[in-house]
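Asker: Please read through the structure below; I'll follow up with questions.
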Amino acid sequence: MIKFRERGVYLIIELNIINSFVVMPGEKVVPPKPEGLVKKEARDAKISAALKELREKRRSENKSKRAEILKRAQKYEADYLSAEQSEITARRQAKITGQIHVPAQPRLAFVVRIRGINKLNPKVIRILRILRLRQIHNGVFVRINKASTNLLRRVEPYITFGYPSRDTIRKLVLKRGYGKVNKQRIPLSDNQIIQESLGKSGIESVEDLINQIYTVGPHFKEANNFLWPFKLRGPRGGFAAKRHPFQRRGDWGNREEYINQLVTKML
C-alpha cells in the first residue's frame, strides 16, 4: 500500500507485487502452479502418450492376428469339406463296383458320467478319476486306443459315450468350455487365454483348439488337458433307464453317433 498527499488530499493506492509485476486493482490474479503439480502433469502426459502408442500397436497386432486366424479357419473348413466329399465318393464308387466300403474307425470319443458315487467299486472310482470324471454329468474327450478302450469297458455301466461330430465339439467348447490356467477354471472368453497357454503348441485360437480335438492332431494331449472337464446338466426329459445298456433302450454304454443328441439335451 502506497500513501501520499496531493493538493491536501491523501490518496491511497494498493499495489500487488507478484513475480516482479505490478497488478492494478480490478485485474485477475493467476498464481503460479506449484512445482509438484507441474511435474505431475508432465508425468501424466508421458504416461498417456505411452499408453496411446501401446494401444495403437496392440490394435494393429490384433488386426493381423484376426486375419491369420480367419485364414486358418477357412483352411480347416476346406479340409473338412474335402474329407466329407472323399468319403461320399468312396461310398458311391463301392456301390457302383459292387464292393463294400468300410469307413475308418473313429479315433475320438466323448464320455459322460451318468452314475453317482454310491456303491462303487474302488477300482471303478480309480478309473473314473483317471478319466477325470469325478462328478456326475461330467464329460471329457478321450482318444480311442487299446488302453482307453479297456478302461471304458471296465466302467461302462457308469458312463455313456459315443463319437461326437464337429458341430457337437464346437458347441461344447463355445458354450461350456473352460480352460485350466494356473490350476484355475477360467472361461474361454478370449483367444488370448488360449494363446498364452497353448501358443507353444501352435494353438492360438478356438478354431485351432477345435481342430486339434476333432482331428486328434499331434497336440491333442496338450489341448485336451487344457480343457477343464465339461460340467453338463441333466438331459431334458431325463434318462430312460440308467440300469440298462443303450442297446436295450437304456442309457449306459456305447451309443456311437447318438451321443450328439444326448449332448444337445445336456447343454
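Asker: Can we say residue 180 is over 13 Å from the mean Cα position of the chain (by Cα), among the charged types (D, E, K, R) and either under 23 Å from residue 135 (Cα atoms) or surrounded by fewer than 21 Cβ atoms within 10 Å (Cβ to Cβ) (or both)? Spell out how you get there, then give the answer.
Answerer: Values: over 13 Å from the mean Cα position of the chain (by Cα): no; among the charged types (D, E, K, R): yes; either under 23 Å from residue 135 (Cα atoms) or surrounded by fewer than 21 Cβ atoms within 10 Å (Cβ to Cβ) (or both): yes.
No: the conditions fail for residue 180.
Asker: Being buried (at least 18 other Cβ atoms within 10 Å of the Cβ) and more than 23 Å from the chain's Cα centre (by Cα) is the filter here; which residues of the stretch 128-143 pass it?
Answerer: 128
Asker: If you don't mind, another one. Just need a number here: residues in the stretch 223-256 that are of a type outside the set (A, V, I, L, M, F, W, C), under 33 Å from the mean Cα position of the chain (by Cα) and under 20 Å from residue 163 (Cα atoms). If you could, list the steps in order and put the result at the bottom.
Answerer: Within the stretch 223-256, the first condition is being of a type outside the set (A, V, I, L, M, F, W, C), and the residues that meet it are 224-225, 229, 231, 233-238, 242-245, 247-251, 253-256.
Filter once more, keeping what is under 33 Å from the mean Cα position of the chain (by Cα): 224-225, 229, 231, 233-238, 242, 251, 253-256.
Those still in the list that are under 20 Å from residue 163 (Cα atoms) too: 224-225, 229, 231, 233-235, 242, 251, 253-256.
Residues that pass the stated criteria total 13.
Asker: Within the group 130, 159, 136, 169, which residue is in contact with a strand residue (DSSP E or B) (Cβ under 6 Å, 6 or more places away or on another chain), among the hydrophobic types (A, V, I, L, M, F, W, C) and more than 13 Å from residue 231 (Cα to Cα)?
Answerer: Details: 130 fails: in contact with a strand residue (DSSP E or B) (Cβ under 6 Å, 6 or more places away or on another chain); 136 fails: more than 13 Å from residue 231 (Cα to Cα); 169 fails: in contact with a strand residue (DSSP E or B) (Cβ under 6 Å, 6 or more places away or on another chain).
Of 130, 159, 136, 169, the one residue that is in contact with a strand residue (DSSP E or B) (Cβ under 6 Å, 6 or more places away or on another chain), among the hydrophobic types (A, V, I, L, M, F, W, C) and more than 13 Å from residue 231 (Cα to Cα) is 159.
Asker: Taking the stated definitions as given, is residue 28 loosely packed, with under 10 Cβ neighbours inside 10 Å, basic (Lys, Arg) and more than 27 Å from residue 207 (Cα to Cα)?
Answerer: Working: loosely packed, with under 10 Cβ neighbours inside 10 Å: yes; basic (Lys, Arg): yes; more than 27 Å from residue 207 (Cα to Cα): yes.
Yes, satisfied.
Asker: Identify all residues within the stretch 223-259 that are surrounded by fewer than 20 Cβ atoms within 10 Å (Cβ to Cβ) and part of a helix (DSSP H, G or I); write none if there are none.
Answerer: The answer is 224, 225, 247, 248, 256, 257, 258.
Asker: In the stretch 69-85, is there at least one residue being closer than 24 Å to residue 227 by Cβ, at pLDDT below 95 and among the β-branched types (Val, Ile, Thr)?
Answerer: Yes: the stretch 69-85 contains one or more residues that are closer than 24 Å to residue 227 by Cβ, at pLDDT below 95 and among the β-branched types (Val, Ile, Thr).
Asker: Restricting attention to the stretch 163-173, does a residue exist that is surrounded by 20 or more Cβ atoms within 10 Å (Cβ to Cβ) and touching a Pro at 6+ places or on another chain (Cβ under 8 Å)?
Answerer: There is at least one residue in the stretch 163-173 that is surrounded by 20 or more Cβ atoms within 10 Å (Cβ to Cβ) and touching a Pro at 6+ places or on another chain (Cβ under 8 Å).
Asker: Using beta carbons and a limit of 8 Å, which pairs, at least six apart or on different chains, have the first residue in the stretch 239-267 and touching a residue at least 40 places away in the same chain (Cβ under 8 Å) and closer than 26 Å to residue 214 by Cα and the second one among the aliphatic types (A, V, I, L, M) and loosely packed, with under 15 Cβ neighbours inside 10 Å?
Answerer: So the pair list comes out as 251/240; 251/241.
Asker: Given the conditions (1) touching a helix residue (DSSP H, G or I) at 6+ places or on another chain (Cβ under 8 Å); (2) not in a helix (DSSP H, G or I), which single one is not true for residue 32?
Answerer: (1)
Asker: Please return the ranges of helices (runs of 4 or more DSSP H) entirely within the stretch 99-210 where 1 or more residues are acidic (Asp, Glu) and more than 20 Å from residue 243 (Cβ to Cβ). Break it down into steps so the answer makes sense when it comes.
Answerer: Values: elements: 122-130, 146-154, 166-176, 191-198.
Qualifying helices (runs of 4 or more DSSP H): 166-176, 191-198.
Asker: For the stretch 158-179, state whether one or more residues are without any contact (Cβ under 8 Å) to a residue 40 or more places away in the chain and over 20 Å from residue 210 (Cα atoms).
Answerer: no
Asker: State which residue is farthest from residue 116 (Cα to Cα) when the search covers only the stretch 201-215 and only residues that are among the β-branched types (Val, Ile, Thr) and surrounded by 18 or more Cβ atoms within 10 Å (Cβ to Cβ). So that I can check it myself, show each step before the final result.
Answerer: Initially, the stretch 201-215 is screened for residues among the β-branched types (Val, Ile, Thr), giving 203, 206, 210, 213, 215.
Restricting the remaining residues to those that are surrounded by 18 or more Cβ atoms within 10 Å (Cβ to Cβ) gives 203, 206, 210, 213.
Working: 203: 35, 206: 32, 210: 29, 213: 27 Å.
Filtering first and then ranking leaves 203.
The values are calculated or read from the model by the stated rules, or taken from the named source; none is laboratory data. None of the values given here were measured: they were computed from a predicted structure. Note that each Cβ is placed from the backbone with ideal geometry, even for glycine, and that neighbours are counted across all protein chains shown.
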